[in-house]
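Comments concern the structure below.
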Amino acid sequence: MKKIIATFAVSFALTGSALTTTALAQAKIQVGCTATSDCASAMVAVDEGIFKKHGLEVEMTPIGINSNIPAAILSNSIQIGGPTSTVFLQAVDGGLDLVAIAGASVMNPVSNGNITAFVRNGITIKEPKDFAGKKVGAPGLNAFLHVLFVKWLVEKGVDPKSVNFVEVTFPTMSDIIKSGGVDAVLTAEPFVTRMTNAGLGSVGARYAVELARTDPIIFYAASREWADKNAVAIKKFRDAIAESAEIVNNDREKASASISKFTKQPIELVKMTPPNRSVPELKPEQLGWWIEVMSSQKMLQSKLEPNKLVLK
Amino acid sequence: MSDNTAKNTAKHTAKALVLPVALLVAFEVWARATHLQSDSLAAPSDVVRALAEAFADFSILIATRDTLFSAFTGLAIGSIIGLALGIAFGLSNTLNRLMEVTVEAIRPIPSIALLPIALIALGFGYRMEIVIVAFACVWPILILSRAAVRSIEPRLMEVSRALRLPAAQRVWKIIIPAALPRIFVAFRLSAGIALIVAVTVEIAINPIGLGAGIMLAQQALRADLMLAYLVWIGVIGYALNIVLVVAQRRLFGRAALSGDSA
C-alpha cells in the first residue's frame, strides 16, 4: 500500500513542479497570427528588432485556426491578434468587444491574382454558372475566401445555394482534388502552382481578380479594454508596424526569411509567392465593404458602426 | 526463464514485425518510384529524417514535455475527484441515488465540446488543457471505483464495523486496499483517455505540445514532420501502456488479473 501511495505521490510532485514555469513572462505582448504571410509586418518587426527599437517586447504565437483568435484575445492569451476581416466582424457582431488597432494586409492586384478557384481534372468551368451543382471546398466556411467567392457568384448572377460548399483545409487540398473528393477548391498561392505543376487540374476562375477589391484581408486587433489601458504601447506598435511594412513590401529576402521562420514553411516555398501587401494604416471606411457584403450574405445580425471598430 | 522461452519470444516478435516492415518498405519503394508529391503523405525515410531533426533541435522533446505534463496533471486531478466521488457514491446509496441524474447529465458531454468556453475562461496554455483532461478522466474513475467499492466483500465491511473504525480509517484501511486493483484498471483506462484528449485539445486550439506540433507541421506543408509527430505520439502511447501494465503487475501481482476481468 505504501509503495502505491509513494508512486502516486512522485507522479504528483513531477507534474506540480512544471506548473510554476507557466506563469512567467507576462510582461511581453503576445501577437497571435495564423501561418500565412498576412502578419508579415509583425514577423519582420520581431526578427529585425524593430519592436525592440520602439521599446516593445513582442513575441509571436502561432494560432492554428483564425476563428480562434477573438477568444484568444479575450482570454488575454494574446494581447494582439491578426483576425481576418470576416472573423473580426463576426466576433464583434456576436458581442465580443474587440477593436482594430492597425492594418496588416490588404487585397491588391498581386494578392488577388494569387487567389483562384482551382478545378480538378475532368471538370470544365467556362463561366460562373458552371459552378452550379459542383462540390467546392473552401478553407473555412464563412471565412475570407468563401465570402469573396459567394460575393463573386452573386455578382455574376449565380445563386450561391446552387453550389455545394464543404470545408477543406489548405494542406489537404491537393490530395482531395487528386482523389476527386471535391470538384474545385477555393485556394491561393503557393497551392495553385503546386497543384498545377502536379497536373491535378487547372484554374477555373480568378474571382478575386474580377472583384478587384483593395479592402483589408487581415488587421491587428485587441480587446477594447486592453487597448484603452495601453495607448502608449499601441502607438509604439503602430510605429513599428509602419516601419516593418516597408520591408515586407520592398525587401522580399528579409520578408521571406521572417515568414519562413514563423510559419516553419521551407524558405524555397515562401519565396515562390510574394507576401500579401502590408498596409499599416487602417481607416474605418475600409471595413464598410466587408460589413455590406457580410450583411448581404446574412452573416451579421446587428448593424455595425465602422467608426467604433477602429481605434483612433 | 529458460533460454528456449527467450528464443521463442524473439522469434515471435520477429514474425510479428515482418508484415509492418514489409509494408513500410513497399511504401518507401512506391513513394520513390512515383516521386510522391503530397501534402499529407511522405516516404518513411523522410519521416525518420524529420523525426531525427525534431529530436536534434529539441522541438519534439519540448512538445512531449508540454503534452505529458498536461495529460498527467489532468489525469491526477481527474483521478482524485473521480476516486473521491466514486468511493462516496459506492458507500452511500442515498448519495448515489441523489447524484445519479446530475452525473448522468454531465457525463455524456464530450470533453472537447468544452473547448470554446474553456478558451475564453482560461486562455491558452496548460490550465485549459488540464481542466479538459481532468473532466474527461473523472468519469471512468468515478464509475469503476463506485462499482469496485460496491463489490467489496461484505464481511470486510462487517469487520470494520466490529472494530468500530472511524469513517476515514475505514476508507483508508479497508475500502481502498480492497478496491485498489480495480481502481488501477480505471486509472489505466483514464491514462489512455488523458493522452488522447490532451493531443486533441492541442490540435484543436492550444498552441503547445505534440498536437500543436502536428498542426504547425501540416500548415507548413511538412508532411514528413507531421507524420513524424504522429509516429512519436504512437510510441508514447505504446510506452505509457507498457509502463502501466508493468506497474499493475508489480503492484498487485495476482490481484491485477482479477482487476482486468472487471
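Values as computed for the structure displayed
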quantity: Alpha-carbon centroid distance for the pair region B:65-114 / region B:226-251, whole angstrom; calculated: 23 Å
quantity: Debye equation applied to the C-alpha atoms of region B:39-261, log10 I(q)/I(0) at 0.13 Å⁻¹; calculated: -0.82
quantity: Relative contact order [Cα under 8 Å, 6+ residues apart], chain B, whole percent; calculated: 26 percent
quantity: Surface share of carbon and sulfur [accessible, 1.4 angstrom probe, percent] for the protein assembly as shown; calculated: 62 percent
quantity: Between region A:151-219 and region B:161-209, the Cα center-to-center distance that results, in Å; calculated: 49 Å
quantity: Ellipsoid equivalent to region A:110-211 - semi-axes via the Cα gyration tensor, in Å; calculated: 18, 15, 13
quantity: Threshold 10 Å², region B:54-85 residues less accessible with all protein chains present than alone (1.4 Å probe); calculated: B:69, B:72, B:73, B:76, B:80
quantity: Threshold 40 Å², region B:216-255 residues less accessible with all protein chains present than alone (1.4 Å probe); calculated: B:216, B:218, B:219, B:220, B:221, B:251
quantity: Listing of region A:155-184 residues, each with accessible area lower by at least 50 Å² in the full protein assembly than in the chain alone (probe 1.4 Å); calculated: A:171, A:175
quantity: Modelled FRET efficiency - R0 30 Å, residue A:121 with residue B:45, Cβ distances, 0.05 increments; calculated: 0.50
quantity: Accessible solvent surface per residue of the protein assembly as shown, calculated while the other protein chains remain in place, 1.4 angstrom probe, Å²; calculated: 48 Å²
quantity: Residue A:209 versus residue A:302: modelled label distance in nm, points set 7 Å from Cα along the beta carbon direction; calculated: 4.0 nm
quantity: Using alpha-carbon coordinates, inclination of helix B:176-204 to the longest axis of chain B, degrees; calculated: 40 degrees
quantity: 27 Å Cα-Cα threshold exceeded, pairs from A:126/A:178; A:151/A:236; A:235/A:308; A:135/A:261; calculated: A:151/A:236; A:135/A:261
quantity: With DNA, RNA and ligands ignored, accessible area of residue B:174 (1.4 Å probe; Å², nearest 10); calculated: 30 Å²
quantity: Förster radius 25 Å - calculated FRET efficiency between residue B:53 and residue B:26, Cβ distance, rounded to 0.05; calculated: 0.50
quantity: Packing-based ranking, highest mean first, of B:158-166, B:208-216 given that Cβ atoms within 10 Å are counted; calculated: B:208-216, B:158-166
quantity: Peptide-level mean, for B:20-30, of C-beta atoms on other protein chains within 10 Å; calculated: 0
quantity: Antiparallel bridges, percent of DSSP beta bridges restricted to chain A (to nearest 5); calculated: 60 percent
quantity: Gap separating the Cα centres of region A:23-80 and region B:1-40, nearest whole Å; calculated: 44 Å
quantity: Total accessible area lost when B and A pair, probe 1.4 Å, Å² to nearest 100; calculated: 3000 Å²
quantity: Span-like helix ranges in chain A, DSSP H, alpha carbon extent 18 angstrom or more, Kyte mean at least 0.5; calculated: A:2-22
quantity: Radius, Kirkwood style, for the protein assembly as shown when every pair of distinct Cα atoms is counted (Å); calculated: 26.9 Å
quantity: Radius, Kirkwood style, for region A:118-276 when every pair of distinct Cα atoms is counted (Å); calculated: 17.9 Å
quantity: Relative contact order %, region A:92-221, counting alpha carbon pairs below 8 Å whose residues are six or more apart; calculated: 47 percent
quantity: Semi-axis lengths (Å, descending) of the ellipsoid that matches the C-alpha gyration tensor of chain A; calculated: 35, 26, 21
quantity: Helix B:223-252 vs. chain B, principal-axis angle (Cα, 0 to 90°, nearest 10); calculated: 30 degrees
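The values are calculated or read from the model by the stated rules, or taken from the named source; none is laboratory data. What you see is a predicted model; the values in this text were computed from it and never measured. Reconstructed Cβ throughout: ideal geometry from the backbone, glycine too, with neighbour counts over all protein chains shown. Side chains are part of the model used for accessible areas, which takes the heavy atoms of the whole protein and leaves out ligands, DNA and RNA. Shrake-Rupley method; radii C 1.70, N 1.55, O 1.52, S 1.80 Å.
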